[in-house]
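Okay, so here's the structure we're looking at.
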Number of protein chains: 2
Amino acid sequence: MDHAIPDIVIGRLPVYLRELERMVRDAGKTTTSSHELAERLGMSSAQIRKDFSHFGEFGKQGTGYHIHYLIDRLTEILNLTHEWPVALVGAGFLGHALASYRGFQRRGFVITCVFDNDPTKIGKTIGDLVVQDAATLETTLPARGIAVAILAVPADAAQETVDRLVAAGVRAILSYAPVSLTVPPGVHVSYSDPVVQLQQMAYYLSPTIP
Amino acid sequence: MDHAIPDIVIGRLPVYLRELERMVRDAGKTTTSSHELAERLGMSSAQIRKDFSHFGEFGKQGTGYHIHYLIDRLTEILNLTHEWPVALVGAGFLGHALASYRGFQRRGFVITCVFDNDPTKIGKTIGDLVVQDAATLETTLPARGIAVAILAVPADAAQETVDRLVAAGVRAILSYAPVSLTVPPGVHVSYSDPVVQLQQMAYYLSPTIP
DNA sequence: TAGATTGTTAATCGATTAACAATC
DNA sequence: TAGATTGTTAATCGATTAACAATC
């Protein structure tokens, strides 16, 4: 390909998709414009049009965009035309919350198996999933063709677990462990550390409060 | 101030801080260099030095940085020299997981009160916190001088809850609701939507797998 | 000292925005 | 048609990187 599409653009597509689906669900809208979408998302309309222009022409001058058509295009671009099976590693409090969250399935990801290495957790059920021994990760994941994993293990176990997930064929990892991870080229990691986010915002708070 | 420090720089400071603390804890290191820190974080050493240079001179030519000194400077810059009390709104699965997470307190944030509007949840305890009626939010938060909130309510309730939090004096909100929120100037929102992160990574996965 | 590393400058790279012809 | 909005270009803005003098 001539030049790759910037990651920062790719990162906005799911936000566009989410907002468009909301516009259909809440307001029953069928068309929109870059201005309307931009206002709802707190960004510039030019940025939205520029982002879309990387992938083709999705709108019509004078009338804007058909929301359903736009949703279909974004769904295709993001490879969301089929469900992705997801492995969840870590069955603690956070693992339970994630396994119980209905939003994954609704938006294209199905948590298919749960692993932990704690003998007191192995064999227990979460919803309709049985917690498997993390030792079986290397055989289960390739057998099920799982490419996506969610990491909800303690920081100290994170890198080792990542290495094993990668060896098992996982190529996208959403990590909740508060630590920077190392992965080989071609494997993607996305981080979620609530404290990092809070600390960033704390910078902007007056130091004299409370 | 002459020119504000870019938000993207502020966003990296907590990551530096986290890694430095890990270097002390795990390896007992006392000094480091921009090269070592950069390698551990998968970024360039020039970027780290440039980021630090916005705030002063923290290192010594030839020898690098004293980790403890650097940790103290970053802690000051980020307004983390005292603990921040945090309100948690939403006592579902995710709210429980967040309330049970020890990492908040350890890194400067203390969940001080929990709210929900579900009568079956109000009065129940999570750890040593009693779930309060969300209707009491407007009186409790100002009384306790709480400026930081974590939002773990359904998407449909999110904007209304944000409006009330802002009215109650909250100026930093970490939202787990899968929806874009609107806040007045001076209020900061940070988003965490795992599906958005997974969808972004799905772009890079071969569409033929599984 | 010799080697190492910082802080900073200038160059490069990349992303955002403004503006507008095209056109529905 | 007149009004609205797209897609795109060029300009602007901002962030990253390379390089190196300063200096520990």
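Brief remarks on what is shown
- Leading residue at positive end of dipole, region B:7-77 (Cβ point charges), from B:16, B:45, B:69: B:45
- Choice from B:95, B:103, B:28 showing the highest fluctuation, given a GNM over chain B with Cα pairs closer than 10 Å: B:28
- Its alpha carbons considered, region A:140-210 gives a radius of gyration followed by a Dmax of 15.7, 56 Å.
- Annotation for residue A:40, label-to-label distances across the other copies: 4.3 nm (shortest first, one decimal, point 7 Å from Cα along Cα→Cβ).
- Placing one equal scatterer on every Cα of region B:51-92 and applying the Debye formula, the log10 ratio I(q)/I(0) at q = 0.27, 0.34 Å⁻¹ is -0.99, -1.21.
- Inter-part distance where region B:8-32 and region A:48-101 are each reduced to a Cα centre, Å: 34
- Nearest beta carbon of chain A to the A-to-B rotation axis, with distance in whole angstrom: A:97, 2.
- Overall, region A:7-77 carries a charge dipole of about 120 debye about its Cα centre when +1 sits on the Cβ of Lys and Arg and -1 on the Cβ of Asp and Glu, all other atoms neutral.
- Counting Cβ atoms of other protein chains within 10 Å of each residue's Cβ and taking the mean over peptide B:92-98 gives 5.
- Computed magnitude of the charge dipole of chain A (debye, nearest 20; Cβ of K, R +1, Cβ of D, E -1): 580
- Two-site FRET efficiency, residue B:106 against residue B:76, from Cβ-Cβ distance with R₀ of 22 Å, rounded to 0.05: 0.75
- Simple spin-label estimate for residue A:30 and residue B:118 gives 3.7 nm between the two label positions (7 Å along the Cα-to-Cβ direction from each Cα).
- Overall Cα dimensions of region B:58-138, principal axis frame, Å, largest first: 62, 24, 17
- Over chain A, Cα pairs under 8 Å with separation of 6+ residues give a relative contact order of 13 percent.
- Overall dimensions of region A:84-196 by Cα: Rg and Dmax, Å: 12.8, 36
- Inter-chain neighbour count for B:105-112: the average number of beta-carbon atoms from partner chains within 10 Å of each residue's beta-carbon is 2.
- Measuring max minus min along each principal axis, the C-alpha atoms of region A:7-77 give extents of 31, 25, 24 Å (largest first).
- Area projected by the alpha carbon convex hull of the protein assembly as shown, averaged over all directions, nm²: 22.8
- Summary for residue A:11: label point 7 Å along Cα→Cβ; distances to the equivalent points in the other copies, ascending, 0.4 nm.
- Bins of 10 Å, starting at 0 and running to the largest distance - Cα pair percent for chain A: 7, 27, 28, 24, 12, 1, 0
- Relative to the current alpha-carbon distance between residue B:8 and residue B:130, full extension at 0.36 nm per residue lengthens the span by 40.2 nm.
- Spatially proximal aspartates and glutamates relative to residue A:124 (Cα-Cα < 15 Å; intrachain offsets below 8 disregarded): A:116, A:133
- Among the protein heavy atoms, those of residue B:183 account for about 40 Å² of accessible surface (1.4 Å probe, every chain in place).
- Highest-fluctuation residue, B:140, B:31, B:112 considered, GNM on chain B with Cα pairs under 10 Å: B:31
The values are calculated or read from the model by the stated rules, or taken from the named source; none is laboratory data. Please read these numbers as outputs of a predicted model, since none were measured by experiment. Note that we place each Cβ from the backbone using ideal geometry, even for glycine, and neighbour counts take in every protein chain shown. Accessible surface areas use protein heavy atoms only, side chains included; no ligands, DNA or RNA. Shrake-Rupley method; radii C 1.70, N 1.55, O 1.52, S 1.80 Å.
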